[in-house]
Amino acid sequence: GAAAAAAGVAAVLAASPHALIVFQNALYVFDDHRDAKKHKPHYLFSTLLSILARAPLPDVVAAWDAGATGQRCEKLPAPCLAIAKQAGFAARGVLVPNPYFAHVGEWEKRCAAWREAIPAWPARDPRVFWRGSVKPGCNPGNVARLAALTFTAARDDLFDVRATTLDAPDPNTCAGFTAAMRALAAHSGAVRGAFVNASDFGRWRQYLNLPGTMGGSYSRNLNWLWPMRGVVHLWDSPAVEWYYPGLKAGATHGVVGRDFNAAVGTRRLNNTHEPPARARTTSPRVGRRAESITRRPRLFGLG
């Protein structure tokens, strides 16, 4: 009843500084966010506002895990929103778009401009492309990134997978190092690469997405790959985002893991012909309906 719903709302708002309310198609958040600078929740608020402007969402109150793994949802009261789940769909939480799409309309305009600049397929670099950083932490993301860099060290005619900054994890501390990874950690100069703007990604035909450096889960890099009308390869990982149920390995993307020979085979298989239209992301239904809101916390409205 109403009392139970009110208690549920109060529990969510008390548990998370990033809790939010959608009520009568308006967004309410804690006023602590008002003066914050370079604040990731602002991106989420912008995304939600642009979705609300397109189509009404049901009334909802929810906590939000601002991290990249969804693990905080294990401790926060339901419903808890997450931009990724490191452990897969069975983990607790409601998946929503990551906040780096920002405003949906502006994202569409940006993607359209990028597509206009994409060269004809024969003129694009056939190598598999990736740029990013590697940090010293032992989480699965940094280890996976170092593993992928060994592909370029072995065959730079097939792979353009390079690190803009590389502070390799310690092979004596982190598990899962191969001999090639140990050698690369000691001598990494051959796989360093200059930063490339996302607007220039269209110069390549194929792309590799790797797990993030902080939690080994979501990486915002993937946002920029789908619009490029190329072939996207996802690193073999249990991590998922909200639109992954619409993906099908071998149809919407390739899957690459540590096996170098398998990676070479996947790369060659997908390099001959220009692919059909890639998977597209749309606005999800966020959260679940709150039956009633009887008390207002100290919030301010956005819209």
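The values are calculated or read from the model by the stated rules, or taken from the named source; none is laboratory data. Fair warning: this is a prediction, and the values are worked out from it, not measured in the lab. Every residue, glycine as well, gets a Cβ built from its backbone with ideal geometry; the counts of neighbours run over all protein chains shown. For accessibility, only protein heavy atoms count, side chains too; no ligands or nucleic acids. Shrake-Rupley method; radii C 1.70, N 1.55, O 1.52, S 1.80 Å.
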**Request:** Count, please, the residues in segment 118-129 that happen to be of a type outside the set (K, R), closer than 20 Å to A194 by Cβ and open to solvent by less than 30 Å² (accessible area, probe 1.4 Å).
**Result:** 2
**Item:** Single unsatisfied condition, V12 versus (1) surrounded by 15 or more Cβ atoms within 10 Å (Cβ to Cβ); (2) assigned to a loop (DSSP other than H, G, I, E, B); (3) not small (G, A, S)
**Value:** (2)
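Which is open to solvent by 20 Å² or more (accessible area, probe 1.4 Å) and not small (G, A, S), of P169, P238, P211? Break it down stepwise before answering.
Working: P169 fails: open to solvent by 20 Å² or more (accessible area, probe 1.4 Å); P211 fails: open to solvent by 20 Å² or more (accessible area, probe 1.4 Å).
When all the criteria are applied, what remains is P238.
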**Tally, over segment 232-252, of residues that are over 14 Å from the mean Cα position of the chain (by Cα), more than 29 Å from A179 (Cβ to Cβ) and outside any loop (DSSP other than H, G, I, E, B)** = 2
**Among (1) touching a Lys or Arg at 6+ places or on another chain (Cβ under 7 Å); (2) open to solvent by 50 Å² or more (accessible area, probe 1.4 Å), the one test that A153 misses** = (1)
**Asked** Going by the structure shown, is R110 open to solvent by 30 Å² or more (accessible area, probe 1.4 Å), outside any helix (DSSP H, G or I) and at pLDDT 85 or above?
**Response** no
**Prompt:** Out of Y218, Y243, which single residue is in contact with an Asp or Glu (Cβ under 8 Å, 6 or more places away or on another chain) and open to solvent by less than 50 Å² (accessible area, probe 1.4 Å)?
**Reply:** Y218
**Asked** Which pairs have Cβ atoms under 7 Å, sit 6 or more apart or on different chains, and link a residue in segment 64-80 that is farther than 24 Å from A7 by Cβ and in contact (Cβ under 8 Å) with a residue 12 or more places away in the chain to one that is open to solvent by 20 Å² or more (accessible area, probe 1.4 Å) and in a loop (DSSP other than H, G, I, E, B)?
**Response** A66/H18; A68/M214; A68/Y218; T69/Q86; G70/Q86; G70/A91; G70/G93; Q71/Q86
**Cross-chain or 6+ apart pairs with Cβ under 7 Å, segment 180-198 first and open to solvent by less than 20 Å² (accessible area, probe 1.4 Å) and modelled with pLDDT of 90 or more, then assigned to a loop (DSSP other than H, G, I, E, B) and of a type in the set (S, T, Y)** = none
**Request:** Select from segment 214-231 the residues that are under 19 Å from K135 (Cα atoms) and either charged (D, E, K, R) or in a loop (DSSP other than H, G, I, E, B) (or both) and list them in ascending order.
**Result:** M214, G215, G216, S217, Y218, S219, R220
**Item:** Whichever residue in segment 130-150 is within 20 Å of Y218 (Cβ to Cβ) and β-branched (V, I, T) and, among such residues, is surrounded by the fewest Cβ atoms within 10 Å (Cβ to Cβ)
**Value:** V143
**Complete:** For strands (runs of 3 or more DSSP E) lying entirely in segment 20-107, having 1 or more residues that are open to solvent by less than 30 Å² (accessible area, probe 1.4 Å) and among the charged types (D, E, K, R) picks out 60-65
